[in-house]
Amino acid sequence: MENIDWGNLPFGYFKTDYNVRCYWKNGEWGKLEISTSEYVNLHIAATCLHYGQEAFEGMKVFRGKDGKIRVFRWEENAKRMQTSADGIMMAKVPEELFFEALTTAVKKNEKYIPPYGTGASLYVRPLLIGSGPQVGVKPAEEYMFMIFVGPVGPYFKEGFKPVNIQLVRDYDRAAPQGTGHIKVGGNYAASLRPADRAKKDGFASVLFLDAKENKYIDEAGPANFFGIKDNTYITPKSQTILPSITNKSLVQIAKDMGMKIERRPVPVEELETFEEAGACGTAAIISPIGKIVDQQTGKVYEFAKDKAGPVSTKLYETLRGIQEGVLPDKHNWNLIIE
Ligand code: PLP
Ligand code: COI
């Protein structure tokens, strides 16, 4: 294998050998194709380019301590991509096609799966785009589904160390009855400007509030939010956040640890009362939150100094342990690829 500094990979694009593609035309999916090109040839009037008909997913593949290749909860990503497709009127990718594309893309690029113990993993990025032409605002009549993969390190350069987050009140990522609950490109476009400001101000990410009342916590950039107090795992219930598969898994792990769970609106003032707080997602895994600073008022909520709290640490170690085949996978979350 060529020299890859596995332990120092950023979360970014990494060229591998193959990607897979499939086309939907005349009402049906064609055969999966394997490509060595990093480019796609698109119609100038493709709806993904004009009207945001685009959805994507993110999954991780791990090389276990036992050498086996594990994919974490892929069926959940396949389902969520169908919900996203439905939400913006795109052709849905059947679960069997998603599975074939995923396993093919992983196996063809097996040499890019980071070794166990490096902290890195293989990130899998499925995407679905409207590829057929329209000029009026209408769904395309042709679609393209692709998966590319690449080895990645932690999303936040801090790794499993507390990150500081900027709470924003002057930007929303998604409208109350809009597309915040599905994984479509437009939501991310809306997050670029506040995320850039947060970075310039020295923060790892932003914390969005609900767009209707600006009162409740929504999510932390590309990750869900959770708070811990009184042996309880608390996470926002909101129509405008992405239902995170990592969060759903942490809810189960917290239950298994004997904790109580609350999924409900979380008012900003409640931040004062949390013993620990974190951001969770496929890319972020768990990023413990050190401080949250209100961009407008300057108010600081502090949770951790240079080390994550005990509950976040236990949640993190359990999740990673399951993903890497070190702890029992009692809920059957992993797919082992032979
Ligand atoms: N919220 C947003 C906006 C995201 O982009 C992601 C990443 O996929 C998440 C939350 C976390 O979701 P998951 O745990 O399924 O990766
Ligand atoms: C993920 O966690 O997979 C994400 O999609 C986050 C981000 C890179 C958009």
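Computed quantities for the displayed model
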| read-out | value |
| --- | --- |
| Kirkwood estimate for the range 6-152, i.e. one over the average of 1/r between Cα atoms, Å | 15.9 |
| GNM top mover of Thr16, Thr313, Thr297 - the chain, alpha-carbon springs below 10 Å | Thr297 |
| Mean Cα-pair separation over length for the chain, i.e. relative contact order, pairs under 8 Å, 6 or more apart, % | 20 |
| Fewest-first sequence of Val163, Val251, Val40 by Cβ atoms within 10 Å of each Cβ | Val40, Val251, Val163 |
| Flagged links, alpha-carbon separation over 27 Å, of Lys92/Lys314; Lys111/Lys255; Lys212/Lys291; Lys200/Lys229; Lys65/Lys111 | Lys92/Lys314; Lys111/Lys255; Lys200/Lys229 |
| Over the chain: helical MRE at 222 nm, DSSP H runs n ≥ 4 each giving -39500 (n - 2.57), nearest 500 | -7000 deg cm²/dmol |
| Student exercise, the chain dipole from Lys, Arg, Asp, Glu Cβ charges, in Debye to nearest 20 | 200 |
| Computed lengthening from Asn8 to Lys215, 0.36 nm per intervening residue step minus Cα-Cα distance | 70.7 nm |
| Euclidean distance of C-alpha centroids, the range 215-264 and the range 184-202, integer Å | 22 |
| Per-bin percent of Cα-Cα distances, the chain [10 Å] | 6, 25, 33, 26, 10, 1 |
| Among 138-149, 276-287, 17-28, the order from most to least packed when residues are scored by Cβ within 10 Å on average | 276-287, 138-149, 17-28 |
| Rounded if a/c under 1.5, otherwise prolate or oblate - the range 69-184, Cα gyration tensor axes | oblate |
| Candidates Leu319, Leu128, Leu209, ranked by Gaussian network fluctuation over the chain, Cα under 10 Å, top entry | Leu319 |
| Filtered trypsin sites (Lys or Arg not before Pro), the range 70-172: DSSP coil and at most 12 other beta carbons within 10 Å | Lys157 |
| The range 153-232: GluC sites (Glu not before Pro) in DSSP coil with no more than 16 other Cβ atoms inside 10 Å | Glu158, Glu213 |
| Relative contact order [Cα under 8 Å, 6+ residues apart], the range 100-258, whole percent | 16 |
| Lysines with Cα under 16 Å of Lys215, excluding same-chain neighbours fewer than 8 positions away | Lys237, Lys299 |
| Efficiency of FRET from Cβ geometry, Lys161 and Glu38, R₀ 41 Å, rounded to 0.05 | 0.80 |
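Every number here is computed from the coordinates shown, using simple stated rules; none is lab data. Because the structure is predicted, anything quoted here is derived from the model rather than measured. Neighbour counts are summed over all protein chains in view; Cβ atoms, including those assigned to glycine, are modelled from backbone coordinates with ideal geometry.
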